[in-house]
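In what follows, a structure is listed as C-alpha cells, so that the remarks can point back to it.
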Amino acid sequence: MNSKNWKKCVVAFVVLGMLNLVLGCNSSSSSTSSVQSSPEANDDILYLTETNTDVEDRLVVSYDVSADGSAGVNVSVQVAPPASTIGDLTPGLWQVRVSAKNAEGIVIATGSTEILVPCSAPDMAGLMLSNYTVATGAAGAVVGDLIFPSQGIARSIALTVEPEPGTSLEGGGLEITFEGSTYYDPSFGDQVVFSVSDMRFEIFDNLLKLKDDVVILSDTTDIYYDIIIQAQMEEFSAEKDFRIALDAFLLNGVTAHRGYSGKYPQNTMDAFVAAVEAGADTIELDIHQTLDGKLVVIHDDSTGAYAMEDLVIAESTWEELRELDVAYYYRWLHPGYPVTHMPLLSEVLEFIMTQNSTKLTIEIKDDSSEKAVSLVHEYNAQAWAGFTGFSYEIMSSVKDLDPSLYVLWLDNPITCEEFQEDIELCIDAGFEAFGMNSIHFSCCRVAKLHEFGLESAFYTVNDPISMAILISADVDHIITNYAEKCLEVKEQL
C-alpha cells in the first residue's frame, strides 16, 4: 500500500469512528395502539384483542384474532345504533370459538351463530418467488422460495353485529353476518401437491430448485427457462408460468444513466442497446404514465426538452407521443442523427430480456408503481427488472406489490442523523440499496451502508477522477452517462 492510500485509510477510519459515535444513539419509536392482554391461550378459542376504535354514527371495533395474542385473523365488528346506546363492549365479552378446522376451512362461532370461513389452496394468482435466476455449475442449484402474499392469514373476515328490529344490544338481539373471502393455513400445506413443467426443476419444502443430479453448464447458450408451476389440492387445481433467467449477469458496478446517454439521446432504444454493448451491468431509465395509461420512457413530465412540440405526458395519449422526434434538439449538436421516437417500457422489457448480462432499473417519476410492477409481472421480467426512485412511499409500494423486486431508494441526507434515519427506513421497507448524489459521497457512508447490509449507489459520476475515487471506495453502483469510460477506469485500477 502506498503512502497516499495509507493516509486515506487512516483518515477514513478516524472519520468513521466519529460517525459511529454520533450515530450511536438510536431513536426509539413507541406504538400508539392500545393492545389489551389476552386471556390464557386455549387451542379451541381465538381471543379478540382490540386494536382500533372509530366512532361515527356507529361504533367500529377492529380486532386481531389469535389464540395467544399474536397477530392473526383480522375481524371487524360493527355495532349500531350510535355509541351512546351501545352499552358495555369489551374484548373479553366477544370470544370467537373455533368449532372446526379442516381442509374445508375454519368454523368460527360467537354466541349461537356459526360461520364457515372457506379454505382454499394457495393463491396461484399471487404466487411469487424470492428469486428468479438459476446459477450454472452447481448441482441442485436453488432458484428461490415460493411466496404467497396472504399465506397463513384470513383475508377480510368481518362480523357485522347489529340489533334485530325492535331490540337493543342490552336485550341481546344480535344478527351476525359474514363478509369475507378465503383462508389459507400453512398447516394444510401437506395437502397441496406442487409440480413443475420442466423436469430439470423440482419443488421441495416450498423451494424451487434444480434436481440434485442436474447441473447447468456455464457454456450453455440458454438465456432463460420458461416453467409452469401447478398446485393441486383435492379438486382444486391452478397453475402459473414463470421465466427463470440463467444467471450470467455482470457485476461490475456500472449503471448506464438513461442508457449510454453520454453518446446517444437519453432514454432511447439506441442508448439502451449501446449500454448493453458497452458492458454496463445495469441500465437506468425513467417512466411516466400517459393519459391513456401507457408507460413511456422519458425523464421529464413533458417533451419540450427533447422534441420540437412540448406535450405534457399525463395529458397526452400514446398515439400523440409516439409521433414525436425526441432527438430533435440532440440533432443540433449531432447533425445527421436520425429521427428517434420515445419507447414504451414494454419495448425496453422485450429488448432487455433477449440477453442475460445487463439488468434494468426503472425510476418511477409519477404514481404508476402498480402498473409498472404489473407490467414486469406480465412479461415475467422479474429476473431482469428492479426499481428506483426518490419517493419512499412509491418505493415501499413496489415492495408491497412484490417483495422479490430489487429496490434502490434515492435520497440526499445532509446530517449524520438524517443518514441514519434513511438507513433505518431502508431496512424497515426491505430495500436492497440506498443511493445519493455524488456530492454526498464519503468512505464512511459507504462503509455504514455495507455494515447494515445495504448496497451503495451514487449519481451522476462522469469524470474519471471521481469514478476512480468511488471505485476505490468499493461503491456498489456508479451511475454515469459514460458507461464505457467508467469501465475503462475500473480496468486501469
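Taking the fewest neighbouring Cβ atoms within 10 Å as the starting point, the ordered list for 416, 426, 443 is 416, 443, 426. Each of 346, 472, 302 was scored by the projection of its Cα onto the charge dipole of segment 254-492, and the greatest displacement toward the positive side belongs to 472; charges sit on the C-beta of Lys, Arg, Asp and Glu. The antiparallel fraction among DSSP beta bridges confined to segment 254-492 stands at about 15%.
Residue 405 sits among other residues whose Cβ lies under 13 Å from its own Cβ, and their net charge, with Lys and Arg +1 and Asp and Glu -1, is -2.
Within a Cβ distance under 10 Å of residue 253, other residues only, what is the Lys/Arg minus Asp/Glu net charge?
Taking every other residue near residue 253 into account, the sum is -3.
For segment 254-492, averaging the sequence separation of C-alpha pairs within contact (under 8 Å, six or more residues apart) and dividing by the residue count gives a relative contact order of 18 percent.
Each peptide in 350-357, 324-331, 212-219 gets a packing score, the mean of other Cβ atoms within 10 Å over its residues, and the list from highest to lowest is 324-331, 350-357, 212-219.
Within the shell defined by Cβ-Cβ distances under 14 Å, the residues around residue 331 carry a net charge of -2, with Lys and Arg each +1 and Asp and Glu each -1. Dividing the mean sequence gap of close Cα pairs (under 8 Å, 6+ apart) by how many residues segment 186-276 holds gives a relative contact order of 20 percent.
Coordinate-derived values only; no laboratory data. As the structure is a computational prediction, the values presented were derived from the model and not from experiment. We place every Cβ from the backbone using ideal geometry, glycine too, and count neighbours over all the protein chains shown.
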